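The values are calculated or read from the model by the stated rules, or taken from the named source; none is laboratory data. Here the structure is a predicted model, which means the values were calculated and not measured. FYI the Cβ positions are ideal-geometry reconstructions off the backbone, even for glycines, and counts take in every protein chain you see. Areas reflect the complete protein model, heavy atoms only, side chains present, ligands, DNA and RNA absent. Shrake-Rupley method; radii C 1.70, N 1.55, O 1.52, S 1.80 Å.
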Amino acid sequence: MEKSAARKFRKQFIGLLILISAVGTAYAQWSYEAIRNLHFHQKNGYIYSLTNEEFYVDIENVSPNDVSVYLNSIPEQVELVSVKKETYIPPLESISSSYGTHIVVTVRFLKSGNYKLFSCDLQIKDNFFKIPFEPVHVYENVQLLKPSLSVLFVNKAYNGAEAKEMSVPVGTHIQYTVQVQFASAIQGVSWTIPENSLFEQVSEYEVPKITATEQQFEVFSRLRPVATFDWCPLSEGFQKLPEINIIATALNGSTCSLEFPVRTVHVTKAARNLSTAPLSATSDFAESYEAPDSDMTLNENEELSDDAIAEYCILLKKERHSIPHASHAYISRISFEKKHGLPSVGALASKPLLSVFICLVVLTFVLSTVCFGRRKYMFFLLFMGLFCFFTGVSIFYGLRVNRQHAVVSGGMLMSIPEKDNSTGMAIQKGSLIRIKKHSGNWLYVVSHDTYGWMQKEDVIFIE
């Protein structure tokens, strides 16, 4: 009986050993398969040139004493700094509690670009593995980059390497935006006004300072506009684009004066058709994109007397200060233009009508508020819709009302603001013009799609 029990125990014990061996073998095979699927990860989200960058891999259930690491070859422009291994301790939030080996490979990239590091040879006891690296993109070390300037012209024909030298007629307005790159902050912007030209800063843009958390290459290398300028050369010859002096701060904290790119402009004799270079759609000169038609001529009827011009101005002023179709000001003005051969410009924007629109905006807002308070939601939506409609109409009509008009009492329409300019053209006395811009004693005006300059003393303003 005892022999039978001993024999049965031996059989059970041998079976248990076989089961443990099978489970251990299966676990070891699973671990080896997991190791074959590993690859090195980059520690930092962005990798920069000339800095030590780390790549790591974690191997669970393997002691560092059982691991040997070999990195037999590396690509060009890459330096191997170190290879180290240490005990891997899983983080507290990790599901797995298995210890293992943490391998860190440190390299240094000499240049920016895309890299694919060669696989790392790994020996675990008598088994050999190749652990690959993720492909990496190396950015230029921003600490070593110097801020730079570039120029972007509103007229796209002036941009590009093929437009190092531009050719424009005298009196052409050239608008360009100065952009900065690789600068963490702008300290100051200045310029010297060129001789024999008109020059002004059209707009200035906010250049926010890059903080430490934003110092990523995409942000740092982005072209950011600083200011837009308008330059109008008034003399012929070869001239340089007016230089803009900018003091900027690099990411490493150093202060530097940025070099303005040299652009040569060949200024030729002005054409007599008063054409101007294309400008920004938001510029005060935006409507001078196209030259006037070559077959356009001014009315050559007999000139109006000063009394007739004064009468015409009174009619225009009455029309501006009366509601259309509620007075005879518009009809009287049209009859006057036909009688004296003046070109008609259509109805002028009415200031009283703008006041009516504004009153409707206030009224519909009040009614919508009352309906909402009394829970009359259908009427609330109705009056709110009317409120939005009259608000849009008021804004649009207000822009028309703010347009400044004047009547020509004499003088010439010039292509450039100079009294001795020989490229001016006659404009009929009594013509109604729209004023686009003031510049000293000169006005940039439009008269029936013809753009040019006139002196203030040669016009009568319509208030």
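So here's what we get for this one:
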quantity: So L316, is it within 17 Å of S431 (Cα to Cα), open to solvent by less than 50 Å² (accessible area, probe 1.4 Å), modelled with pLDDT of 50 or more and touching a strand residue (DSSP E or B) at 6+ places or on another chain (Cβ under 6 Å); calculated: yes
quantity: Every residue from the range 319-369 that is outside any helix (DSSP H, G or I) and crowded, with 17+ Cβ neighbours inside 10 Å; calculated: S322, L342, L348, A349, S350
quantity: Residue within the range 93-100 that is part of a strand (DSSP E or B), more than 30 Å from N61 (Cα to Cα) and modelled with pLDDT under 90 present; calculated: no
quantity: Spans of strands (runs of 3 or more DSSP E) in the range 112-181 with at least 1 residues over 30 Å from S68 (Cα atoms) and among the aromatic types (F, W, Y); calculated: 136-139, 148-153, 174-181
quantity: Which numbered condition P208 fails, given (1) modelled with pLDDT under 85; (2) surrounded by 12 or more Cβ atoms within 10 Å (Cβ to Cβ); calculated: (2)
quantity: Number of the exception - S431 against (1) open to solvent by 10 Å² or more (accessible area, probe 1.4 Å); (2) at pLDDT below 85; (3) in contact with a Ser or Thr (Cβ under 6 Å, 6 or more places away or on another chain); calculated: (1)
quantity: Any hit, the range 41-58, residues being modelled with pLDDT of 85 or more, open to solvent by less than 40 Å² (accessible area, probe 1.4 Å) and within 15 Å of G100 (Cα to Cα); calculated: yes
quantity: The range 52-78 residues that are on the phi < 0 side of the Ramachandran plot and in contact (Cβ under 8 Å) with a residue 24 or more places away in the chain, paired with ones that are part of a helix (DSSP H, G or I) and open to solvent by 60 Å² or more (accessible area, probe 1.4 Å) (beta carbon under 8 Å, 6 or more apart); calculated: none
quantity: Inter-residue pairs, beta-carbon under 6 Å, first closer than 17 Å to E54 by Cβ and in the range 121-135, second small (G, A, S), 6+ apart; calculated: P132/S119
quantity: Residues satisfying the stated conditions in the range 253-281, i.e. at pLDDT 50 or above, polar (S, T, N, Q) and either open to solvent by less than 40 Å² (accessible area, probe 1.4 Å) or assigned to a loop (DSSP other than H, G, I, E, B) (or both); calculated: S254
quantity: Subset of the range 53-77 (residues that are within 36 Å of the chain's Cα centre (by Cα) and closer than 15 Å to K111 by Cβ); calculated: E53, Q77
quantity: Residues of the range 62-83 that turn out to be outside any strand (DSSP E or B), open to solvent by 70 Å² or more (accessible area, probe 1.4 Å) and not acidic (D, E), as a count; calculated: 3
quantity: Residues of the range 230-252 that turn out to be crowded, with 16+ Cβ neighbours inside 10 Å, modelled with pLDDT under 85 and small (G, A, S), as a count; calculated: 1
quantity: Residue count for the range 49-76, restricted to those that are of a type in the set (D, E), in contact with a helix residue (DSSP H, G or I) (Cβ under 9 Å, 6 or more places away or on another chain) and within 14 Å of Y115 (Cα to Cα); calculated: 0
quantity: Residues located in the range 428-463, provided they are aromatic (F, W, Y), touching a residue at least 60 places away in the same chain (Cβ under 8 Å) and under 27 Å from K339 (Cα atoms); calculated: Y451
quantity: Residue list for the range 168-187, restricted to those being modelled with pLDDT of 85 or more, open to solvent by 10 Å² or more (accessible area, probe 1.4 Å) and β-branched (V, I, T); calculated: T177, I186
